[in-house]
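> To start, I am sharing the structure in question, which I have written as structure tokens.
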Amino acid sequence: MTALHDTFQRPLRDLRVSVTDRCNFRCTYCMPREVFGPDFQFLQRSELLSYEEITRLARIFIQLGVEKIRITGGEPLVRANLHELIRMLAPLPGLRDLTLTTNGSLLRSQAQRLREAGLQRITVSLDALDDDVFQSMNDAGVTVDTVLKGIDAAREAGLAPIKVNAVVKRGVNDHGIVELARHFHGTGVIVRFIEFMDVGTTNGWRLEHVVSAQEIAERINAELPIEPVERSYPGEVAQRWRYRDGGGEIGIISSITQPFCGDCTRARLSPEGQLFTCLFGARGHDFREPLRNGASDDEIAAMLRRVWSVRDDRYSEIRSEETVGLPRVEMSHIGG
Ligand code: SAM
Ligand code: SF4
Ligand code: SF4
């Protein structure tokens, strides 16, 4: 099958699969407790795509150009037996990269079996090293030490490279940027600082909360000198920097101040089988219905072709006062 291109000639290369809309954290920038409280209606088990359904879609998507799959959520490790999904995806021919993004709280007990199932590498989110700051952000009482132990377990299991995602919010954790960089300097772990994004509609995003990629780089450079590194492939979301003293690399994800829609090759599959062609999409395209109603692989491939060929998303490039208020899917539903 020939590769797909959208209306801006962007191919489909990456698939992010959100396996659950549930999470054991209530990060204030993602699932604020006031909204995602005890009465919040999460998806029912029967609504979620099964691991077999996800694997079937992944196989078809790979035939149409997907090379990289990232498992995400919600918190992917709260879904039962996630390693079984990894075991099914890892051997798919044509899949070059299989990874997972997790908040790390359940990683200590799962790292080894994820690795054995075929996971290659992992990204762990950790926004601060100070416990008070971290707990005020995750709003679930999970300690920094729990996540650091998860990272250690991932390292011991041989998952590599390990990346750490830190969302930077001004006045909340930005004073800890250099501390985070310093902690992982020289360890092989790549910290990626992420500009706080206006994803979803519930996190009270305001531009004043954003610390720009440039400022993040300057603050780190002042204490731990860095220099830019070439992107390793088109479509890579993080700007790469390396320490001048050989202490490794960091990444900075600048979706607000320097959008990268021009080479966005990502599609996102929600837990109930809706395909979103942009993180800021208001609605997805339903792939569960055909999956459950006997559609052939060719019919599903044709659906994907139709969806991707008309794609014209470039939300971050056209972000404005007006777009910030538009309806869109929550990040905890389709993953980062
Ligand atoms: N629960 C997992 C985790 O936290 O790693 C996976 C899902 S989470 C939605 C994926 C990534 O999105 C995390 O690294 C998280 O920090 C990031 N994220 C969530 N809300 C964000 C926001 N408003 N701006 C920037 N990044 C955000
Ligand atoms: Fe959960 Fe991840 Fe969102 Fe935090 S960022 S609430 S850990 S899904
Ligand atoms: Fe891709 Fe949409 Fe993000 Fe632009 S805003 S980089 S099109 S996901």
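> What are the lysines whose alpha-carbon lies under 22 Å from the alpha-carbon of Lys68, with same-chain residues fewer than 8 places away excluded?
Candidates past the 8-residue exclusion: Lys163.
> At most 12 other Cβ atoms within 10 Å and a DSSP loop assignment: could you name the trypsin sites (Lys or Arg not before Pro) in region 252-336 that fit?
Details: sites: Arg266, Arg268, Arg283, Arg288, Arg292, Arg305, Arg306, Arg311, Arg314, Arg319, Arg328; in loops: Arg283, Arg311, Arg314, Arg319, Arg328.
Listed in order of number, the matching sites are Arg283.
> Can you sort Val78, Val17 by solvent-accessible area, 1.4 Å probe, largest first?
On the way: Val78 60, Val17 5 Å².
Ranked from most to least accessible, the order is Val78, Val17.
> Can you list the HN-Hα couplings for region 128-137, worked out from phi with the Karplus curve (6.51, -1.76, 1.60; θ = phi - 60°), rounded to whole Hz and with x for Gly and Pro?
Result, ordered by residue: 7, 9, 7, 4, 5, 5, 4, 5, 5, 7 Hz.
> If you don't mind, there's one more thing I want to ask. Hey, any idea what % of the chain's accessible area is carbon plus sulfur with a 1.4 Å probe? Mind dumping the intermediate values first?
Working: 6990 of 14320 Å².
Solvent-exposed carbon and sulfur of the chain make up 49 percent of the total.
> Using the alpha-carbon atoms, what tilt in degrees (0 to 90, nearest 10) does helix 213-223 show relative to the longest principal axis of the chain?
Around 40 degrees separate the two axes.
> Determine the sum of side-chain charges near Asp127: Lys and Arg each +1, Asp and Glu each -1, restricted to other residues whose C-beta is under 15 angstrom from that of Asp127. Walk me through the numbers on the way to the answer.
On the way: positive: Arg26, Lys163, Lys169, Arg170, Arg192; negative: Glu75, Asp130, Asp131, Asp132, Asp139, Asp145, Asp174, Glu179, Glu195.
Net charge in that neighbourhood comes out at -4.
> A follow-up question, please. Roughly speaking, what is the stretch gain from Arg305 to Asn24, that is 0.36 nm per residue apart minus the C-alpha to C-alpha distance, in nm to one decimal? Before the final figure, lay out each step's value.
Numbers: separation 281, 0.36 × 281 = 101.16 nm, distance 3.57 nm.
Gain on extension, Arg305 to Asn24, equals 97.6 nm.
> If amide H atoms are built 1.01 Å from N in the plane of the peptide, which residues on other chains or at least 5 residues away come under 5 Å of the amide H of Val210?
So Val210 has HN proximity to Arg170.
> Moving to a separate point now. Between Arg206 and Thr143, take the C-beta separation as r, use R0 = 35 Å, and let me know the FRET efficiency to the nearest 0.05. Don't skip to the answer; put the middle values down first.
Details: r = 29 Å, r/R0 = 0.82.
Once the sixth-power term is evaluated, E becomes 0.75.
> For the Cα atoms of the chain, what angle does the longest principal axis make with the long axis of helix 297-309, in degrees from 0 to 90, nearest 10?
So the inclination is approximately 50 degrees.
> In square angstrom, rounded to the nearest 10, how much accessible surface does Phe193 have for a 1.4 Å probe?
0 Å²
> Per-residue ellipticity at 222 nm for the chain, helices alone: DSSP H runs ≥ 4 residues times -39500 (n - 2.57), over residue total, nearest 500 deg cm²/dmol? Working shown, then result.
Working: 11 runs with 99 residues, N = 336.
Calculated from helices alone, the mean residue ellipticity at 222 nm is -8500 deg cm²/dmol.
> Compute, for Glu230, the solvent-accessible surface of its heavy atoms (probe 1.4 Å) with the complete set of protein chains present, and express it in square angstrom to the nearest 10.
About 150 Å², ignoring ligands and nucleic acids.
> Report the residue, chosen from Ser212, Ser254, Ser46, that carries the largest GNM mean-square fluctuation when the chain is represented by alpha-carbon nodes joined by springs under 10 Å.
Its mean-square fluctuation being the largest, the pick is Ser46.
> Tell me, what is the per residue accessible area of region 9-165 in Å², probe radius 1.4 Å? Before the final figure, lay out each step's value.
Working: 6200 Å² over 157 residues.
Result: 39 Å² of accessible area for each residue.
> To continue, here is another question. Describe numerically, in nm with one decimal, the distance between label points set 7 Å from Cα along Cα→Cβ at Arg96 and at Arg33.
4.4 nm
> Tell me, what ³J(HN,Hα) does each residue in region 81-98 have, in order and in whole Hz, if you take phi through Karplus 6.51 cos²θ - 1.76 cosθ + 1.60 with θ = phi - 60° and put x for Gly and Pro?
6, 4, 4, 5, 5, 4, 4, 7, 7, 3, x, 4, x, x, 7, 8, 8, 10
> Across region 327-335, in residue order, what do the Karplus-derived ³J(HN,Hα) couplings come to in whole Hz, using 6.51 cos²θ - 1.76 cosθ + 1.60 with θ = phi - 60° and x for Gly and Pro?
After applying 6.51 cos²θ - 1.76 cosθ + 1.60, I find x, 6, 5, 7, 4, 5, 8, 10, x Hz.
> If you take the C-alpha gyration tensor of the chain, multiply each eigenvalue by 5 and take the square root, what semi-axes do you get, largest first, in whole Å? Let's see the in-between values first.
Values: eigenvalues 177, 98, 89 Å².
Sorted largest first and rounded, they come to 30, 22, 21 Å.
The values are calculated or read from the model by the stated rules, or taken from the named source; none is laboratory data. Not measured: the values here are computed from a predicted model. Using ideal geometry, Cβ is built from the backbone for each residue, glycine included, and neighbour counts are taken over all protein chains shown. For the accessible areas, the whole protein counts, side chains as well, though only heavy atoms, and no ligand, DNA or RNA atoms are used. Shrake-Rupley method; radii C 1.70, N 1.55, O 1.52, S 1.80 Å.
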